[in-house]
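Step one of this worksheet: look at the structure below.
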Amino acid sequence: MHIDDLKGVGIESERLNFKTIIVDPSDKNWIENIKKGIERTFQSKILKRLFKELWLQSDDCSKPIENMWFSIQEVAKCTGNKRKEIRKYLNLLIDNNYIELMSKESLLYEFTKKGKAIKTNLEIESIIKNIG
């Protein structure tokens, strides 16, 4: 991650696919804005990993997501977060209609039409930007 005050660096980061936080030199809250930018980046990383894990579990949305506990465990291991934290991201996906519970009895989930439309990392990142 790169922190800079030049807008051109932000443009280059998109072109070269690296994360940046651009700080306005006159911003009196620059420290807080950097902290928020870092937090969004890590939230995005967790959400991307969870989304991809669920996508794999659903065989590219062709079948229900079984073994949700396994997906949560895998994402927790990969990101170094607790399962409780990963469940927050799962709930975010459910609450915002990307994934829905099909059956309480067997705890089957599936991607909604809105969730199936997500195809790129940028679209996954936009979930955090639009909600957070």
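Estimated at 0.36 nm per residue, the fully extended path between SER126 and THR112 surpasses their Cα-Cα distance by 3.3 nm. Result for the chain in a Gaussian network model with C-alpha springs under 10 Å: among GLU14, GLU74, GLU100, the largest mean-square fluctuation is at GLU14.
Here the simple spin-label model places points 7 Å from the Cα toward Cβ, and for GLU32 and ARG15 these points are separated by 3.4 nm. Basic side chains Lys and Arg get +1 at the Cβ, acidic Asp and Glu get -1 at the Cβ, and with that the dipole of the chain about its Cα centre reaches some 240 debye. When Rg and Dmax of the Cα atoms in Å is calculated for this entry, the matching label among [x] 16.8, 56; [y] 13.9, 45; [z] 14.6, 45 is [x]. Computed from Cα atoms, the angle from the helix 30-57 axis to the main principal axis of the chain rounds to 30 degrees.
Cross-link pairs exceeding 28 Å in C-alpha to C-alpha distance, out of LYS7/LYS113; LYS7/LYS129; LYS45/LYS116; LYS63/LYS119, comprise LYS7/LYS113. Can you give the longest run of the chain that contains no trypsin sites (Lys or Arg not before Pro) sitting in a DSSP loop with at most 13 other Cβ atoms inside 10 Å? Result for the longest clean stretch: 29-81. Mean residue ellipticity at 222 nm, helices only, the chain: -18500 deg cm²/dmol; runs of at least 4 DSSP H residues each add -39,500 (n - 2.57), and the sum is divided by the number of residues. For region 38-132, the list of chymotrypsin sites (Phe, Trp or Tyr not before Pro) that fall in a loop by DSSP and count at most 10 other C-beta atoms within 10 angstrom is empty. For region 15-97, the carbon plus sulfur part of the accessible surface works out to 49%, probe radius 1.4 Å.
Considering only ILE34, TYR89, CYS61, the residue lying farthest towards the positive end of the dipole of region 30-89 is ILE34, judged by Cα position with unit charges set on Cβ. Note that region 1-128 presents 66 Å² accessible area per residue, ligands and nucleic acids not counted, probe 1.4 Å.
The values are calculated or read from the model by the stated rules, or taken from the named source; none is laboratory data. Please read these numbers as outputs of a predicted model, since none were measured by experiment. Because the Cβ atoms are built from the backbone with ideal geometry, glycine has one as well, and the counts that use them run over all protein chains shown. Accessible surface areas use protein heavy atoms only, side chains included; no ligands, DNA or RNA. Shrake-Rupley method; radii C 1.70, N 1.55, O 1.52, S 1.80 Å.
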